[in-house]
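The values are calculated or read from the model by the stated rules, or taken from the named source; none is laboratory data. Note that the coordinates shown come from a computational prediction; the quantities given were computed from them, not determined experimentally. Neighbour counts run over all protein chains shown; Cβ positions are idealised from the backbone, glycine included.
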Amino acid sequence: AQGWSDLQAQLGPVDPAAVTPYLGRHANPDLGEVTLALRQGALDFAASGFSSELRPQIDADGTVIAYRFVDPPVARYTPSLIVTFQEGADGRPQVALTTPGDFGEGELVYQFAPVGATATPAP
């Protein structure tokens, strides 16, 4: 529980301007589709049967490290699961889901590409 409390202390508010390019539907060939949406100022990550709010983890100088799931069950049972946003090689917004691998195989990174020409904001 202490680790979760420490992590919560590092979570900041979502900057709508920073996440807007990543809103909409994204797909990964192994994991399927996810949808990112801003709802009443909260960033919502929805995938196959679950949804969780994402909040940015902020380092000491105010830089966003990654986005963390804050709603159960994802936040409690997979606290090391993170979401990052970046520009893909093609210049389009790309979402990455990173999780520790099993048995010392290192991190597993799943890249999600926008569905369609560009991601479209969800209401």
Among the residues listed as LEU97, LEU108, the single one being part of a strand (DSSP E or B) and either hydroxyl-bearing (Ser, Thr, Tyr) or farther than 19 Å from PRO21 by Cβ (or both):
LEU108
Close pairs from region 18-39: first touching a residue at least 40 places away in the same chain (Cβ under 8 Å) and farther than 19 Å from GLN57 by Cα, partner polar (S, T, N, Q) and assigned to a strand (DSSP E or B), Cβ under 8 Å, at least 6 apart
GLY24/THR35; ARG25/THR35; HIS26/THR35; HIS26/GLN94; ASN28/GLN111; VAL34/ASN28
For region 20-58, the count of residues that are in contact with an Asp or Glu (Cβ under 6 Å, 6 or more places away or on another chain) and over 23 Å from GLY116 (Cα atoms) equals 3
Of (1) of a type in the set (A, V, I, L, M); (2) closer than 15 Å to THR84 by Cβ; (3) part of a loop (DSSP other than H, G, I, E, B), VAL19 satisfies all except one. Which?
(3)
Taking into account only those residues within region 111-123 that are outside any strand (DSSP E or B) and under 24 Å from LEU81 (Cα atoms), which is modelled with the highest pLDDT?
VAL115
Spot the failing condition for THR63; the list is (1) β-branched (Val, Ile, Thr); (2) touching a strand residue (DSSP E or B) at 6+ places or on another chain (Cβ under 6 Å); (3) under 25 Å from LEU7 (Cβ atoms), and only one is missed.
(2)
Against the condition out of contact with any Lys or Arg (no Cβ under 8 Å at 6 or more places or on another chain), surrounded by 16 or more Cβ atoms within 10 Å (Cβ to Cβ) and among the acidic types (Asp, Glu), how does ASP44 come out, does it pass?
yes
Selection within region 71-93 - in contact (Cβ under 8 Å) with a residue 40 or more places away in the chain and part of a strand (DSSP E or B):
PHE85, PRO93
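From the list ARG68, ARG55, which one is surrounded by 14 or more Cβ atoms within 10 Å (Cβ to Cβ), in contact (Cβ under 8 Å) with a residue 12 or more places away in the chain and farther than 20 Å from VAL109 by Cβ?
One residue alone meets the criteria, ARG55.
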